[in-house]
Amino acid sequence: MKKQNKQINFSKAHKEYVKKLRRDKFVIIFFRIFVLIAFLGLWELLTYFNILDPFFVSSPSRIIAQLGTLAQSGTLFTHAWITLYETLIGFAIATILGYLIAVLLWWNEKVRKIFEPYVVVLNSLPKIALGPVIILWVGAGTSAIITMCVLICIVITTMSMLSAFLSVEEGKILLLKSMNANKFQILFKLVLPNSMPEFISVLKINVGMSWVGSIMGEYLTSKAGLGYLIVYGGQIFKIDLVMASTFVLCILAFGMYYLVSLLEKRYQRR
């Protein structure tokens, strides 16, 4: 028997709706690019005609030239890799530890009631104030920077995930208990799957916060990295170096955020 290919005939309204979605997506992408190009073009023109002093605000052409100089010397890739490495390690440690701590606090109500006030206090504490203490505890350099990154992200991860765990409907938990499910089964069959959207949101937040932590750590103690270049450029009043380093920082942060967005889309398709 020959297999017949069945063609699905969509209604006219459905086809128009799909066309509208595609058109809206195209318009959004177009205006995103247009706004960026217009901003860069206006910036370049204002500095070219000395309406804005390029010594203080730099310009796109000078930033590109600075990036080319850094790339030719190999400095750009070295410093970018150091900051990326510190950020990824801090991001991973903070996310994993924060997640596990949230599970522990959810598992034991007494432990949660004991430590929850301390978690809130740690969240409100300016982490930059702990900079000298961190350097004394773990030493200067990469270890201190990663520690700063972890401290900034771990509390947010813990509080957000704990809130997601506790938001599970009590009725669903009672239903599983009525079926003789133990706490371990409730955690893995209900609580953790239910908290996946919040977990992805936490990943998005941690992307930004981990970069803040690593750059903040490099401000305090560093001899290499994008944060070091930004500080060094500010000290010698070379705004081109500051803006070029900031541009690379934005590209790397966007790359991390894009990977998390891909994970979110994959989860939504399931």
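Bear in mind these aren't lab numbers, they're just calculated from the coordinates by the rules spelled out. As the structure is a prediction and not an experimental result, all values here were calculated from the model. Note that each Cβ is placed from the backbone with ideal geometry, even for glycine, and that neighbours are counted across all protein chains shown.
Look at the dipole of the chain built from charges on Cβ: of 95, 168, 68, the Cα furthest out on the positive end belongs to 168. Taken one residue at a time, the phi angles of region 200-205 give Karplus couplings (6.51, -1.76, 1.60, θ = phi - 60°) of 5, 4, 5, 4, 5, 5 Hz. Gly and Pro are set to x. When only the Cβ of Lys, Arg, Asp and Glu is charged (+1, +1, -1, -1), the dipole of the chain relative to its Cα centre reaches about 1820 debye.
Indicate the gyration tensor shape class of region 11-166 (rounded, prolate or oblate), computed on the Cα atoms with a ≥ b ≥ c the square roots of the eigenvalues: a/c under 1.5 is rounded; otherwise a/b larger than b/c is prolate and the rest oblate. Here region 11-166 falls in the oblate category. If you sort the three axes of the alpha carbon gyration tensor as a ≥ b ≥ c, you get a/c of 1.5 or more for the chain and a/b no higher than b/c, which makes it oblate. Sorting 106, 211, 81, 137 from the fewest to the most surrounding beta carbons within 10 angstrom yields 137, 81, 106, 211.
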